[in-house]
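Worksheet: the structure to be examined is printed underneath.
No value in this document is a laboratory result; all are computed from the given coordinates. This is a predicted model, so every value here is computed, not measured. Cβ sites come from the backbone with ideal geometry, for glycine too, and all protein chains shown count toward neighbours.
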Amino acid sequence: MFARIGHLTVRRRRLVLALTVLFVLGAGAFGANLFGALGDGGFADPDAESSRAAAFLAAAGASTPELVLLVEAPAGVDDPAVAAAGRDLTAAVAAEPGVAGAVSYWSADGEPALRATDARSALLVVDVSDDAAAGVAESYAGPRGPVTVRVGGAYAIDTAIGDQLGTDLVRAEAIAVPATLLLLLVVFGGLVAAALPLVVAVVAVAGALLVLAGVAQVTDVSVYSINLMTGLGFGLAIDYSLFVLTRFREELAAGRPTGAAVVRTLETAGRTVAFSALTVAVSLSALLVFPLPFLRSFAYAGTAVVLSAAAAALLTLPALLAVLGPRVDALRLRPARARAGAARRGRFWHRLAEAVMRRPVPVATCAVVALLALGSPFLRVDPGLPSYQALPPGNEARQVAERLESGFTGDRTGEFGVALPGVRDAGAVEAFADRVRALDGVAEVAVRESTAGSWLSVVPSVVPRSPAGERLAREIRELDAPFKFIVGGDAAELVDAKAAIAGRLPLALAVIALATAVLLFAAFGSVLVPVKAILLNLLSLTATFGAMVWIFQDGHLSGPLGFTATGQLDVTMPILMFCVAFGLSMDYEVFLLSRIKEEYDRTGDNARAVATGLGRTGGLITAAAVVLAISFAAFGASGMSFLKLMGIGLALAILVDATVVRGLLVPAFMRLAGDANWWAPAPLRRLHRRPPG
């Protein structure tokens with residue numbers, strides 16, 4: 001099949017390139033519509049109790065304050081001039097188009113929850129449509145006579161997150177692109193060759209944008225998935241281009257003409273790229289088993305960009321090589337020194353493999369113990385969900401939220417509902433409300449009614465997305481009542497999200513393990529190789545997860561990295577990082593094993609095959625890993641703490657896998673297994689050798 005693809009791209013190279021240009025232009029034009037359809041949430045399980053409560057409350061007409069104006073008054077909120085300004089401000093906001101209601105300390109008979117404990121600020125809570133919120137925020141923010149207005153609440157936080165993401169993406173590209181271009185020149189050795197991965201990257205991102213734009217028409221897609229799509233697309237484009245181009249150069253050096261070199265490249269490196277892309281796509285597609293739209297969005301974005309990158313590497317890149325031929329090395333920088341450097345790197349990895357295989361047991365034991373020790377902090381992971389603390393400390397929306405948390409008896413922005421569908425017994429509802437009021441963490445409770453039933457409006461005195469908020473949600477759910485009730489709000493959403501992830505995690509792991517085992521067996525015809533690959537990849541990830549708990553949950557590097565440690569780790573990030581990092585680990589595993597198996601089939605000598613395979617691919621894998629790690633590590637400069645976590649975590653996982661696992665553990669375990677590396681039961685051997693169809 002890959003030979004046929006090679007002949008096609010050589011024979012129809014100009015047509016392939018013309019179709020690529022048309023595809024990129026069309027995909028870019030259609031995909032440009034994507035950004036207006038992206039959401040910034042997706043952390044709730046649509047079928048969970050908290051989601052059912054939200055649906056009931058929305059149908060019943062319950063409103064959640066989208067905008068909270070913090071009115072600061074140095075003279076005190078009860079000063080006559082301040083009170084007059086507060087009443088005028090409340091009336092003016094209430095009269096704005098799109099505002100359904102506005103309540104402040106000065107219009108609610110001095111309600112204590114709306115007054116700061118130091119009496120120097122008070123709240124104006126606004127029920128406003130999304131379309132009108134921006135106008136209200138812009139019109140009323142800033143000094144207004146004796147008071148100063150600062151904007152907070154859900155709308156302000158969501159807007160700040162969206163703005164921060166846009167800034168972060170530009171910043172990450174500003175860091176990653178120059179560094180990556182410089183590395184491309186070093187790794188690929190010339191200007192022409194270094195430009196090829198950029199072509200593959202453009203095709204990959206355009207294809208992913210096209211897919212996401214279509215998906216966004218039928219389901220929710222998170223804006224955060226764009227960050228993964230660009231980083232992963234750029235990194236994989238470089239990976240695949242590096243392996244294809246390196247093999248093409250080898251075939252030219254062996255004396256093959258350009259067309260034959262392209263065909264042979266696709267038969268070897270092209271086949272490897274295809275299996276590698278499938279393993280990465282399978283790992284990412286496992287995110288689809290989780291009900292949270294946030295995680296599913298990364299499955300859509302990641303799978304689309306991986307398959308698009310593979311398609312470009314198997315079609316567009318060979319067509320370009322067929323056109324360029326030996327000119328792929330035009331404008332090469334110091335070719336003699338580059339060849340000498342590549343030879344030295346190859347000898348280093350070859351000698352490392354031989355040294356490891358002389359002492360496989362001590363090397364493997366030390367590496368395994370070190371990785372497990374580094375991973376031990378993950379045993380005390382405390383999952384949570386992103387809150388306003390994910391924003392930079394200087395952000396106004398975050399500062400207002402912090403002021404609400406520390407300076408008021410209750411947090412109006414965390415107000416949530418307890419739905420009592422069909423319940424209209426006022427006495428029973430009030431008795432239940434009294435029991436809720438008595439719980440620690442509750443500031444106030446109000447009883448509301450509608451044609452659909454009753455509900456309680458609860459103002460917490462604890463941060464909803466925190467361990468204390470979780471405890472409050474659970475305690476309310478555990479209350480006895482003569483009727484059924486369902487709890488909504490951010491704290492309940494966090495409880496439900498953790499339960500949904502924990503419930504689906506075994507299925508996701510089973511999908512990844514089974515699909516990976518099948519793909520690796522199809523590639524290499526071995527039973528032991530897939531088992532070894534899965535176990536080693538899991539082992540390498542333990543160190544990364546332990547480091548993430550130590551850094552981000554415990555906050556040991558919060559100062560240098562510029563984030564606020566909350567004592568929790570975003571519950572979705574370990575799952576996302578596992579699927580991405582596991583897939584990329586398999587990416588490098590397939591590249592390495594392909595060269596080892598090729599040499600083993602030629603010589604029948606396991607130790608020689610391992611040393612030769614690592615010698616030929618170790619430098620390439622390390623270079624590819626460094627480039628990909630830079631793409632992800634650039635998100636460490638993000639103002640959003642969970643994007644820092646994702647970027648730094650994935651960069652660390654990639655580097656650990658490409659060095660410790662590929663350089664030490666793989667040769668050690670393959671030396672211990674010997675010829676059994678390639679063993680399979682007779683029925684499976686026959687199945688593997690049977691031609692398709």
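Working note: Karplus 6.51/-1.76/1.60 with θ = phi - 60° gives region 586-597 the couplings 5, 4, 5, 4, 5, 4, 5, 5, 4, 6, 5, 5 Hz, where Gly and Pro are set to x. Close amide H partners of V147, meaning residues 5 or more places away or on another chain with modelled amide H under 5 Å apart, do not exist here.
If I model region 536-597 as equal point scatterers sitting on the Cα atoms and use the Debye formula, what is log10 I(q)/I(0) at q = 0.14 Å⁻¹? Scattering profile of region 536-597, log10 relative to I(0): -0.51. Between A84 and R424, the FRET efficiency from the beta-carbon distance, with R0 = 41 Å, is close to 0.50. As a rough guide to protection, the peptides 550-557, 474-481, 385-392, 407-414 ranked by mean Cβ packing within 10 Å, highest first, stand as 385-392, 407-414, 550-557, 474-481.
Kirkwood hydrodynamic radius, region 66-152, all distinct C-alpha pairs: what's the number in Å? Could the numbers behind the result be given before it?
Numbers: mean 1/r = 0.0797 Å⁻¹.
Answer for region 66-152: a Kirkwood hydrodynamic radius of 12.6 Å.
3J(HN,Hα) along region 78-91: 9, 4, x, 5, 5, 4, 5, 5, x, 5, 5, 4, 4, 5 Hz, from the Karplus curve 6.51 cos²θ - 1.76 cosθ + 1.60 with θ = phi - 60°, whole Hz, x for Gly and Pro. Each of (1) 29.3; (2) 31.4; (3) 34.1 is a candidate for mean projected area of the Cα convex hull in nm²; the one calculated from this structure is (3).
Between R477 and A446, what FRET efficiency follows from the Cβ-Cβ distance if R0 is 30 Å, with the result rounded to 0.05?
On the way: r = 19 Å, r/R0 = 0.65.
In this case the efficiency is close to 0.95.
Give, rounded to the nearest 20 debye, the magnitude of the charge dipole that region 387-528 has about its Cα centre when Lys and Arg contribute +1 at Cβ and Asp and Glu contribute -1 at Cβ. Don't skip to the end; give the middle numbers.
On the way: 14 positive and 18 negative charges, 85 e Å.
It works out to roughly 400 debye.
Computed from label points 7 Å out along Cα-Cβ, the spacing between A355 and A431 is 7.8 nm.
Of the GluC sites (Glu not before Pro) in region 522-603, which ones lie in a loop per DSSP and count no more than 13 other C-beta atoms within 10 Å? Don't jump to the answer; show the numbers that get you there.
On the way: sites: E589, E598, E599; in loops: none.
Listed in order of number, the matching sites amount to none.
Rounded to the nearest 5, the antiparallel percentage of DSSP beta bridges internal to the chain is 90%. For helix 293-311, what angle does its Cα long axis make with the longest principal axis of the chain, in degrees from 0 to 90 and rounded to 10? Approximately 20 degrees, to the nearest 10. Here's the picture: charge each Lys and Arg Cβ at +1 and each Asp and Glu Cβ at -1 in region 66-152, and of L123, P97, A84 the one pushed furthest to the positive end of that dipole is A84. Remark: the chain carries a charge dipole of roughly 5340 debye about the Cα centre, counting +1 on each Lys and Arg Cβ and -1 on each Asp and Glu Cβ. Please list, or write none, the aspartates and glutamates whose alpha carbon is within less than 16 Å of the alpha carbon of K532, excluding same-chain residues fewer than 8 places away. Partners found: D587, E589, D657, D675.
Each of A174 and E111 was given a label point 7 Å from its Cα along the Cα-to-Cβ line. The distance between the two points is 4.3 nm.
Residues whose amide H falls under 5 Å from that of V442, counting only those 5 or more places apart or on a different chain, are S461, with hydrogens built in the peptide plane. Each residue of region 363-370 was assigned a 3J(HN,Hα) from its phi angle through the Karplus expression (A = 6.51, B = -1.76, C = 1.60, θ = phi - 60°), giving 5, 4, 4, 5, 5, 5, 4, 5 Hz with x at Gly and Pro.
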